[in-house]
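Worksheet: one structure, shown below.
The values are calculated or read from the model by the stated rules, or taken from the named source; none is laboratory data. Owing to the predicted nature of the structure, the values given are computational and were not obtained by experimental measurement. A quick note on method: Cβ atoms are made from the backbone with ideal geometry, for glycine too, and the neighbour counts reach across all protein chains shown. Quick note on the areas: whole protein, heavy atoms, side chains included, nothing else; ligands and nucleic acids left out. Shrake-Rupley method; radii C 1.70, N 1.55, O 1.52, S 1.80 Å.
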Amino acid sequence: MGGVSASVIEFGKPRWTVRLKRAALAADSWLDDTLYAAGRRLSDAYERLRSITDRLTVSGPRRLATEFASEGLNVGIAGAILLLLLAIPAFREGREELLRNQVFAVTFLDRYGSELGHRGARHDDSLKLEELPDHLIKAVLATEDRRFYEHFGIDVIGTFRAVTVNARASGVVQGGSSLTQQLAKNLFLSNERSLDRKIKEAFLALWLEYRLTKNEILKLYLDRAYMGGGTFGVAAAAEYYFGKSAKDITLAEAAMLAGLFKAPTRFAPHVNLPAARARANDVLGAMVDAGFMTAGQIDSARRNPAKPVDRRRESSPDYYLDWAFDEIRKLADEGRIGPERVLTVKTPHDPVIQKQADETIESLLRQHGQAYRVRQAATVVMDPDGAVRAIVGGRDYGTSQFNRATASLRQPGSSFKPYVYAAAMSAGLYKPSTIVTDRPVCIGNWCPNNYGRSFSGSMPLTVALAKSINTIPVQMSIAIGRATGETHQARAARIGRMKIVETARAMGLTTPLNDTVSLPIGAAEVTVIDQAAAYSVFANGGRRAAPYAAIEIRNSQGEVIYRHDRDEPPPAQVLSAQVAMEMNQMLSTVPTSGTGRRAALDGIVSAGKTGTTNGYKDAWYVGYTGNLVGAVWFGNDDSSETANLTGGALPAMVWKEIMSVAHQGLEIRPLPGLTPASDPKATIARAAGPARPAGASAHMPRQSFEVLSAVGSMFKAVEAGEAPRAPRQAGITEMPPPSARIR
């Protein structure tokens, strides 16, 4: 075989194959041995286990008991797993933040500190549990959960008793939920009747018992339960139904309050007093049955049932309150007042101005509404810094709660022109003395006309604004655009309109201002409150004046958590002081020699602008003094045409009637750029007016204030040697027929 030896080849095979075969045989032998040994060990273990179980084998009654216990354990484990799965959603519902107050309730005060009204839920959690009367606590526990301090969140005995009673009655006559379970439902769940809700309720009750003490649970329950009439909690309910603090309620009143927990709507005393008293009698009986009181102790309460206060609707500035409530909610949503939800808000509201505005609008609509075919009106009066004094959102809140002063979008007509003039003057293109020419002007196929369907030729800019010439604002929009270098007229007008929109938005218009060729003469849509806010920029010297409803906000503990003068940024300067002064000089001619002569105030310098839209669908007057700003709108909800109603007619008259009263007793401030009126009648009018000293009337009810004001005016008239005059009825003014088309 030559050089091949036996060490390389064994029986004709290579050596490495022989080694591989031997290794495989060794591994197979080891595996067989291991498996055999493991099998022997398992067999031995099984034998030992069987030997043990043989010794545990039972028979007869003992076997039966063992089988039942075994099956019970299996079912219990399976049930526990199922309940745990069902409890997971409940654990998700039980959030810590829901233990804090989430009920939004606001009490509003006017500028003098008198209560104005409420919005949101009536809620009060300021009283501690130990401050509540003992008989109130006992009345609640007697009806809701007698074993409250004995169970762990679920009253097993009470639940079993309720099931038994309900089974005998073939219906639900007794509840089985503990007070803690009811609180869990109020805080976290709905009123849905389902097994799922009951399971969640039970687990959440256990969670509450783990997290809180018994007294904390009871306090939460007394504060959060709905008590009818929009009230939450016993403190708010006591104030609403009995006009007193919960600390002072009698046993009879406590029984009536405790009876509300079961069915607050059905047993509310202002809804069904006989049912409320019958339920209170049941509560008194339950207190005796529970051993909390004796029959003798409750006898007087049964013979002298509680008498709730008369809750007939009182007059209130509902449109103002609706708007103010929305403003407070915005502050809350922005995180400006923290987690507080039970608030007392001092507003800038002036009851005298509000009353005058309400009566004037109603009076003029009643006198002239039919002749002018106009059915609605709205107005907003505010300080030049944005503090809203009064709002009329419509003729009758009871008929329509839609707030036309804050939500209705209407075309402003010529009352939009001051924004155009301000934009053009801010661009340095015009002065009040600039000579402008009223002439035909067209952008594409659109050519605006004046009110009289004619053109007046050349005139100073001041006269053009006073006479409300339509072509001048359109020419201004073109001039603003051309100042940027654009020569094409239509494109220049578009650029100019963009600058006008920027100016109007900076001044306070918040509604969409659609870019149309007719925008400079008032084709966009605005709100009454935005108009008042934007004109405030002229009155205060060029600063933005955002309308606001809160001078100060306090929480339920009386702590100041917000102040407008402290927590709001300083107003931005949106027009130069020079432009504001020049605008005031021009707009002050509107009530003296322009379209708004019916708005002129005796002895007080004012400024403003009328506005009338195509088809006489909207009529405006927006005016101001150094003290107050007011916007007035007349029109119809369906945008139907009026009978030639212009802004110089009813709107101007309403503005004058409101402002004449609003300025009585005020120290008249001059408008920037204008000197105060030197007419001695101004001093006489102010002296004779109903003064509103901040200190003296800070807590005076509005009715008393109005009576004293009228008496004071009569005494002053007598001293002056004049016959005392009866108070003037708002809005009674000589009025021309609709055919007198005064713009």
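Structural remarks
- With respect to (1) hydrophobic (A, V, I, L, M, F, W, C); (2) modelled with pLDDT of 95 or more; (3) open to solvent by 10 Å² or more (accessible area, probe 1.4 Å); (4) closer than 22 Å to C442 by Cβ, the lone exception for A523 is condition (2).
- Scanning the range 415-434 finds no residues that are over 41 Å from the mean Cα position of the chain (by Cα), surrounded by fewer than 19 Cβ atoms within 10 Å (Cβ to Cβ) and part of a strand (DSSP E or B).
- Test: G243 is at pLDDT below 85, within 29 Å of K128 (Cβ to Cβ) and open to solvent by less than 60 Å² (accessible area, probe 1.4 Å): no
- Within the range 224-240, the set of residues being part of a helix (DSSP H, G or I) and surrounded by 24 or more Cβ atoms within 10 Å (Cβ to Cβ) comprises V234, A235, A236, A237, A238.
- Candidates T437, T462, filtered to the one that is surrounded by 15 or more Cβ atoms within 10 Å (Cβ to Cβ), touching a residue at least 12 places away in the same chain (Cβ under 8 Å), among the hydroxyl-bearing types (S, T, Y) and assigned to a strand (DSSP E or B): T437
- Among the residues of the range 353-383, the ones that are hydrophobic (A, V, I, L, M, F, W, C), more than 24 Å from the chain's Cα centre (by Cα) and buried (at least 24 other Cβ atoms within 10 Å of the Cβ) come to 3 in all.
- Conditions (1) under 30 Å from A301 (Cα atoms); (2) modelled with pLDDT under 75; number of the one not met by E144: (2)
- Annotation for the range 379-397: at least one member residue is among the polar types (S, T, N, Q) and either in contact (Cβ under 8 Å) with a residue 12 or more places away in the chain or in contact with a strand residue (DSSP E or B) (Cβ under 6 Å, 6 or more places away or on another chain) (or both).
- If the condition is being open to solvent by 10 Å² or more (accessible area, probe 1.4 Å) and in a loop (DSSP other than H, G, I, E, B), then the range 246-268 contributes T250, F261, K262, A263, P264, T265, R266, F267.
- Among the residues of the range 501-520, those identified as more than 21 Å from M382 (Cβ to Cβ) and surrounded by fewer than 20 Cβ atoms within 10 Å (Cβ to Cβ) are V501, E502, P512, N514, D515, T516, S518.
- Qualifying residue in the range 100-116 (condition: modelled with pLDDT under 75, among the hydrophobic types (A, V, I, L, M, F, W, C) and within 60 Å of the chain's Cα centre (by Cα)): yes
- For the residues P308, P339, P348, P317, the requirement of being of a type outside the set (A, V, I, L, M, F, W, C) and modelled with pLDDT of 95 or more singles out P348.
- Among the criteria (1) within 26 Å of A378 (Cα to Cα); (2) surrounded by 15 or more Cβ atoms within 10 Å (Cβ to Cβ); (3) not acidic (D, E), the one K330 does not fulfil is (2).
- Condition broken by H135, with the remaining ones in (1) under 35 Å from the mean Cα position of the chain (by Cα); (2) at pLDDT 80 or above satisfied: (1)
- Odd one out for N449 among (1) modelled with pLDDT of 95 or more; (2) open to solvent by 50 Å² or more (accessible area, probe 1.4 Å): (1)
- For the range 483-500, the criterion of a residue being within 17 Å of S414 (Cβ to Cβ) and surrounded by 20 or more Cβ atoms within 10 Å (Cβ to Cβ) is satisfied by at least one position.
- When restricted to residues that are of a type outside the set (K, R), touching a strand residue (DSSP E or B) at 6+ places or on another chain (Cβ under 7 Å) and within 18 Å of Q531 (Cβ to Cβ), the range 612-647 contains 20.
- Residue list for the range 120-140, restricted to those being open to solvent by 20 Å² or more (accessible area, probe 1.4 Å), touching a Phe, Trp or Tyr at 6+ places or on another chain (Cβ under 8 Å) and in a helix (DSSP H, G or I): K138
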